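Encoded as structure tokens, the structure appears first; notes follow it.
The values are calculated or read from the model by the stated rules, or taken from the named source; none is laboratory data. Fair warning: this is a prediction, and the values are worked out from it, not measured in the lab. Glycine also receives a Cβ, built like all others from the backbone with ideal geometry; neighbour counts cover every protein chain displayed. In case anyone asks, the SASA skips ligands and DNA or RNA and just uses the protein heavy atoms, side chains included. Shrake-Rupley method; radii C 1.70, N 1.55, O 1.52, S 1.80 Å.
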Amino acid sequence: MKDKIRIGVYICHCGTNIAGTVDVKEVAKFIQGLPSVVIAKDYMYMCSDPGQNMIKEDIKQFGLNRVVVASCSPMLHEHTFRQAVQDAGLNPYLFEMANIREHCSWITEDPKLATEKAKALVSAAVRRIYYQEPLEVREVPVTPSVLVVGGGIAGIQASLEIANAGHKVYLVEREPSIGGHMAQFDKTFPTLDCASCIFTPLLSAVGQNPNIELMTYSEVEEVSGYIGNFKAKIRKRARHVDEDKCNGCLVCVEKCPWKAVSEFDEGLTERKAIYTPFAQAVPNVPVIDTEHCVYFSKGTCRACEKFCDPKAIDFKQQDKEVEVEVGAIIVATGYDAFDPSAITDYGYGRYGNVITALQFERMCNASGPTGGNIVLKDGSEPKSIAIIHCVGSRDKNYHEYCSRVCCMYSLKYSHLIKEKIEDAEVYQFYIDMRCFGKGYEEFYERLSNEGVNFIRGKVGEVTDRTITEEEQGKLVVVAEDSLMSTMIRVPADMVILSTALEARSDAEAVARLFNISRSADGFFLERHPKLDPVATTTEGTFVVGCAQGPKDIPDAVAQASAAAARVLAMISQGKVEIEAAIAVIDEELCSGCKICNLLCPYSAITSDEEKKVSLINEALCKGCGVCVAACPSAAIAGKHFTTEQIMAEIEGVLV
Amino acid sequence: MSFEPKIIAFLCNWCSYRGADLAGISRMKCAPNVRPIRVMCSGRVEPDFVLKAFEAGADGVLILGCHSGDCHYVEGNYKTIRRIALLKKMLSQLGIEDERLRLEWVSASEGARFVSITNEMTEQVRKLGPFSHRNGGSNG
């Protein structure tokens, strides 16, 4: 027979967060009168050590076998209290939480109504817990290898941290080389470190690390499994160059007569049809762009093959699919730069001397298309340059958020321009200067003394319709100077648009692939904005770098290291706990109709043809409860969310 | 005294529950009439839960799941759509007004949407008046 149910209920004040609105004493008094409630107490901070100890002592003293804490959201402290009751010898599933802070005190104005609602929420938890059963927490082993998706600075940092700790990393990159956006940069703010000097050693460290299996020109196509035990299918696209044979001499690139626009140089120059994106590419193995290679369209040429000594060119190479098993996944897929042609008033695409930030970055780079010279379309040197901030950011028409890095890179551009063209006039059109990082404000201060013109105001238009003689032959930036409250016209030879960082165009599909959520701005959503910033709602899957939101290099690196630490902790434990709240079929009741078999999104339910019943594979079940709701014979129970428990909760919440 | 409807909201653990949390964290204010019950997926909501809610004294029921394509369990919310459409037909046969049951999508980042749906539903049900299962809704 079931033991007599003895429930202890603890109402948290959370300082004044709850007690300021909800009359906690009244709630405790009300709850004390409910059936099976042995004790109901209120306390200042239930999550504190004394609060937790009070629960532990009461479990012993009063022989409690169920505990309800009414406090904040279970997302915050469910784990804390489950641990506390477990320490006192109770099964963690004999604990229930009533959310009277986020869902009650914080969201309700009237203290009386808030108190009534709190009573209802706690009463629901009390009714529900009456039916809760102990569940066995399942442990599964962790595969000691990691999938890192995206080879920009964040993905590289995470890979190196894990590989250096001695564990296998599969680093998957869509482009022919790792490097991401950082490889395109010239200098980095505020130190003005040369991006290549600090970054290329990392690229080669990845290439040489025996623990990193680098898969470039590849994409993850399918992910299955769960924390500790994921399986990922990766499509390695055909490079048409044998990676094992190629010695990286790049004679093929030299001999190739066909050209296409260079993606890496942001369209400022051309590359060959067989190419590596940039000189320090890792791996240093070219790919054939079959769209622009004439052999693939017309069947003739084969110049690359002719000149390839090691016979590495392979026109017949096919895409390869590989499957890897990993314990954890780190998503570091980065960002897209906002396409400013959407803002037609700025003239991008119409005026040749209106360029994007990334184009300027390439232009400034010594290995870029102009050899590091800042030049206009006609090859001459600009004498006046306008930099427009917040292009696509802080703009309700495009992205409401601040992209965080544009103020700083715009300041960096001013310095680089002044360094290369001493007498150039530089105009910064800004809304607010946001120089938030270490050494950033100091950098702003320094630039303010380098003779840069700062104009606070939003630019309305960039035009070639000139009025004065001074404007002749130039672009005119029309803006409001909001400090002077006047409209101004600034003639400039070149206009740089500081474009927003936005979520990748395929972020939605990627989110589905890895079963992670996105926030309203399109970037991937972290589990908790403060306390769990690199985890996602899918256990064992982490998100780092700009895929999670716009950020600068130091923040991306910090996140990557944080995620690596989380993964290494899992691997060193060797095992993880997985959800005990899964579905279970009562064979006595199952009629073998197989409705559940088809509904299960994880194919966790199969049919035993001999017994004519359905079976659930515990390792595959994630506990969504879709089958439970659909079973016409009520033969499936959703553990911890049983029909009995939810029905009791419905009754309780309607008191 | 004016009528204060009681509304039960089934919230998905991954999206709308967190959306409601966000509304609280952002100190938005909303009608206290909606009483949340957490489920792992809107697909767990059995038609029986809705009937039980009306029987136990609810004046309205909200089911808030993940937006199309965002289901934490791949496609649980699609099953909810089909299930609730059927349930609505049945409710109308029982004489229960269509407006007393509402299925909506609220993501974890949509605190404001949670508040506006909560407030709308409260006013909508307030207009309908108390639900009385004894006479099977207003149509008797």
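Some observations on this one:
- Neighbouring partner chain Cβ atoms per residue of A:464-471, average, 10 Å criterion: 0
- Extension reserve of the A:Asp521-A:Ser297 stretch, reckoned as 0.36 nm per residue once the Cα distance is removed: 76.6 nm
- Rounded, prolate or oblate (a/c below 1.5 giving rounded, otherwise prolate when a/b exceeds b/c) for the stretch B:7-131 by Cα gyration tensor: oblate
- Stretchable slack from A:Met44 to A:Ala581, in nm (0.36 nm times residue separation minus alpha-carbon distance): 190.2 nm
- Pairwise burial B:A, computed as accessible area of each alone minus the pair, summed, 1.4 Å, Å²: 4300
- The mean number of partner chain beta-carbon atoms within 10 angstrom of a residue's beta-carbon across peptide A:511-521 is 4.
- Here the gap between A:Ala88 and A:Leu376, fully extended at 0.36 nm per residue and compared with their Cα-Cα distance, gives a gain of 96.3 nm.
- Nearby aspartates and glutamates by direct alpha-carbon distance to A:Lys458 (threshold 16 angstrom, same-chain neighbours under 8 apart not counted): A:Asp345, A:Asp395, A:Glu400, A:Asp432, A:Glu480, A:Asp481
- For the stretch A:99-122, residues shielded by at least 20 square angstrom of accessible area compared with the chain on its own, probe 1.4 Å: A:Glu102, A:His103, A:Trp106, A:Ile107, A:Thr108, A:Glu109, A:Leu113, A:Lys117, A:Leu121
- Percent RCO, i.e. relative contact order, over the stretch B:7-131, from Cα pairs under 8 Å lying at least 6 residues apart: 39
- Ordered by solvent-accessible area of protein heavy atoms (1.4 Å probe), largest first, the residues A:Phe360, A:Phe454 come out as A:Phe454, A:Phe360.
- Cα long-axis angle, helix A:111-130 against chain A (0 to 90 degrees, to the nearest 10): 70
- A DSSP coil position with no more than 15 other Cβ atoms inside 10 Å describes the following GluC sites (Glu not before Pro) in the stretch A:546-624: A:Glu587, A:Glu588, A:Glu609, A:Glu610, A:Glu618.
- Set A:Lys119/A:Lys530; A:Lys117/B:Lys6; A:Lys383/A:Lys420; B:Lys52/B:Lys88; A:Lys117/B:Lys88; A:Lys112/B:Lys29 screened for pairs whose C-alpha atoms are more than 18 Å apart: A:Lys119/A:Lys530; A:Lys117/B:Lys88
- Chain A: C-alpha gyration tensor shape, a/c 1.5 cut-off, then a/b vs b/c: oblate
- Taking label points 7 Å from Cα along the Cα-to-Cβ direction, A:Phe454 and B:Ser68 give a separation of 4.8 nm.
- Percentage relative contact order, chain A, counting C-alpha pairs under 8 Å, at least six apart: 14
- Interface burial in the stretch B:66-93, defined as at least 20 Å² less accessible area with all protein chains than with the chain alone at a 1.4 Å probe, covers B:Gly69, B:His72, B:Tyr73, B:Val74, B:Lys79, B:Arg83.
- Look at the stretch B:107-115: the mean tally of other chain Cβ atoms within 10 Å of its residues' Cβ atoms is 3.
- Heavy-atom accessible area per residue - the protein assembly as shown, 1.4 Å, Å²: 42
- A Förster distance of 35 Å, applied to the separation of the beta-carbon atoms of A:Lys259 and A:Lys383, puts the FRET efficiency at 0.60.
- Phi-based couplings in Hz for the stretch A:142-153 (Karplus 6.51, -1.76, 1.60; Gly and Pro marked x): 9, 5, x, 9, 9, 9, 10, 10, x, x, x, 4
- Shape call, the stretch A:519-567: gyration tensor on alpha carbons, a/c limit 1.5: oblate
- Accessible surface of the stretch A:232-347 [probe 1.4 Å, protein heavy atoms]: carbon and sulfur percent: 46
- Cα centroid separation, the stretch B:30-99 to the stretch A:339-367 (Å): 50
- Ligands, DNA and RNA excluded, the heavy atoms of A:Met97 present near 20 Å² of accessible surface to a 1.4 Å solvent probe.
- The label-point distance for A:Glu609 and A:Glu139, in a model that sets each label 7 Å from Cα toward Cβ, rounds to 3.9 nm.
- By average C-beta atoms within 10 angstrom, highest first, the peptides A:541-547, B:111-117, A:526-532: A:541-547, B:111-117, A:526-532
- Annotation: lysines with alpha-carbon distance below 25 angstrom to A:Lys575 (same-chain offsets under eight excluded): A:Lys168, A:Lys231, A:Lys233, A:Lys622, A:Lys639.
- GNM on chain B, alpha-carbon springs under 10 angstrom: the most fluctuating residue among B:Met121, B:Met40, B:Met90 is B:Met90.
- Centre-to-centre separation between the Cα atoms of the stretch A:561-581 and those of the stretch A:116-140: 27 Å.
- Loop-resident sites, the stretch A:416-454, for GluC sites (Glu not before Pro), counting at most 11 other Cβ within 10 Å (DSSP): A:Glu422
- Euclidean distance of C-alpha centroids, the stretch A:52-98 and the stretch A:203-264, integer Å: 50
- Sequentially through the stretch A:631-640, phi angles give Karplus couplings (6.51, -1.76, 1.60; θ = phi - 60°) of 5, x, 9, 6, 8, 9, 9, x, 4, 6 Hz, Gly and Pro residues having no value and appearing as x.
- Excluding same-chain neighbours fewer than eight residues apart, the lysines reachable from A:Lys306 by a Cα-Cα span under 22 Å are A:Lys245, A:Lys255, A:Lys259, A:Lys272, A:Lys298, A:Lys316.
- The convex hull built on the alpha-carbon positions of the stretch A:309-461 has an orientation-averaged projected area of 15.6 nm².
- Mean silhouette area of the stretch A:90-198, derived from the convex hull of its C-alpha atoms and averaged over all directions, reads 14.3 nm².
- Label zone of A:Thr16 (point 7 Å out along Cα→Cβ, amide N under 13 Å): in the stretch A:32-63 this covers no residue at all.
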